[in-house]
Amino acid sequence: MIILSELKVVEDAFFKADLIYYKPSLYSFIEENFSENQPYSLKTLAKLRKIVKDSKDRAHDLILREDIKKIDKEIKSSPKEFDENIWKDFLPKIRHEVKTALGLDFKPRSIFFEESFPEGLGTFEKKGASSITIFEGQNNAGIYFLKKRISSFYTPLLLIHEQLHSCLSQNKTKDQIYVEWFEEGIAMWFSILIYYKLTKNKEVIDIYKERNYIYSKVKPEYNFVKRYFEYIKIMSCLYLSGGPKLFGMMMVDYLSNKREKVNKYLDLEKYDIKFLPKSDIENLLLNMTLFIEPEKTTPLEYLILKSIKKPKTIETIAMLTGAPVDVVQKFLFRLQVKGMIVAKDKYLEMNWRKKDLFEHKLIRPIYPF
Ligand SMILES: [Zn+2]
């Protein structure tokens, strides 16, 4: 058993929870308060609860308090340790699925769970890698997982991801070069497909999707998760054009070392949508990067909007939001300029155009970090 880091436990709960804040804006709050070098313990929950207790009555604290309660609730029901042996036992099944998916045989690699990556590979840790493969013929060949980055839900997906690399590399000759966008895109695509086939667990895939999206918004350009988010978009485009048949053709080109031909698939404007998804998992895969950006507001604007789904006077709004009347007045003016509210006599109400969006969470507050 490996005890997860406090950051991973809180992060997993954060990705899972249905929060009020626009999540990417709240991520740095999570990252600054919890560390991947600290194992999860009851102290983690105490720390989280202290943040709630210490928060004042300002608008952004009021919303934060609600969100932290939701994260707290998710933590209670989420795993705090990872049983690496269950997944090691699963390897023959994974191997069988990889062989079937790619139509290629391969030998499994040894798997290690370590405190740090082997010497000389420290930059991969900085770039956000959670696992890494050292190919045969080199010292320390095998698949390495960083213990502090183990997550109860995405580590199994990575385990499959790395098996796919094993299979591809063993079916290439020494002179064949790795095409990053293609190989990582394929590894992501098939790891999700195989994970779903083995577990039928849609929830884990949804959380994985959420993590990829949030990382793509908040992490630096060189971060692997951020980069791979783009590769899966490319894969979706290609799949919508030619489905599994096109993937098969690309794979043949890749394994015959036709690098230029493989890179030609990046001319995405050439590809029309001709393929319709036929199964649950095809739909899930094609939607892996589908996110609608909400209209963002400040916390107080959000609380005011929430208070005027039905017409209210300024005094009532001040009471409901806990903000002084003069501050509310200033914010009401701002909301009026933005076309988010309408005034009738002394009553204020949310503009009906915005109400549709507000009620479907397409208007969200940003955490002012
Ligand atoms: Zn990879």
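The numbers here are math on the coordinates, done by the rules we state, and not lab data. Since we're looking at a predicted model, the values are computed, not measured. Don't worry about glycine lacking a Cβ; one is built from the backbone with ideal geometry, like all the others, and counts go over all protein chains shown.
Angle between the Cα long axis of helix 224-255 and the longest principal axis of the chain, 0 to 90 degrees, nearest 10? Compared with the principal axis, the helix lies near 40 degrees.
Which shape class applies to segment 2-79: rounded if a/c is under 1.5, otherwise prolate when a/b exceeds b/c and oblate if not, where a ≥ b ≥ c are the square roots of the Cα gyration tensor eigenvalues?
prolate
Which shape class applies to segment 83-286: rounded if a/c is under 1.5, otherwise prolate when a/b exceeds b/c and oblate if not, where a ≥ b ≥ c are the square roots of the Cα gyration tensor eigenvalues? It comes out rounded by the Cα gyration axes. Each label was represented as a point 7 Å from its Cα along the Cα-to-Cβ direction; for K200 and D267 these points are 4.4 nm apart.
Please give the net charge around D253, taking every other residue with its beta carbon less than 12 angstrom from that of D253, where Lys and Arg add +1 and Asp and Glu add -1.
Working: positive: K258, R259, K261, K264; negative: E260.
With Lys, Arg at +1 and Asp, Glu at -1, the neighbours total +3.
Note the angle between two axes, namely the Cα long axis of helix 6-16 and the longest principal axis of the Cα atoms of the chain, as a number of degrees from 0 to 90, rounded to the nearest 10. It is inclined by approximately 70 degrees.
How would you rank T313, T123, going from fewest to most other Cβ atoms within 10 Å of each one's own Cβ?
Working: T313 13, T123 10.
Going from least to most buried by this count: T123, T313.
In this structure, the amide hydrogen of T297, modeled 1.01 Å from its nitrogen in the peptide plane, lies closer than 5 angstrom to those of R364, I366, counting only residues at least 5 positions away or on a different chain. Pairs exceeding 32 Å between alpha-carbon atoms, taken from K47/K361; K174/K209; K93/K361; K23/K147; K8/K261; K76/K312: K174/K209; K93/K361; K8/K261; K76/K312. Find how many whole Å separate the alpha carbon centroid of segment 44-64 from the alpha carbon centroid of segment 67-146. If we compute the Cα centre of each part, the gap is 34 Å.
In the chain, taking the dipole from charged Cβ atoms about the Cα centre, the farthest positive-side position among A46, P156, T123 is held by A46. Here F153, F106, F291 are placed in order of increasing Cβ neighbour count within 10 Å, fewest first, which gives F291, F106, F153. Only beta bridges with both residues in the chain are counted; by DSSP, about 65 percent of them are antiparallel.
Going by neighbour counts of Cβ atoms within 10 Å, the residues Y222, Y196 line up, fewest first, as Y222, Y196.
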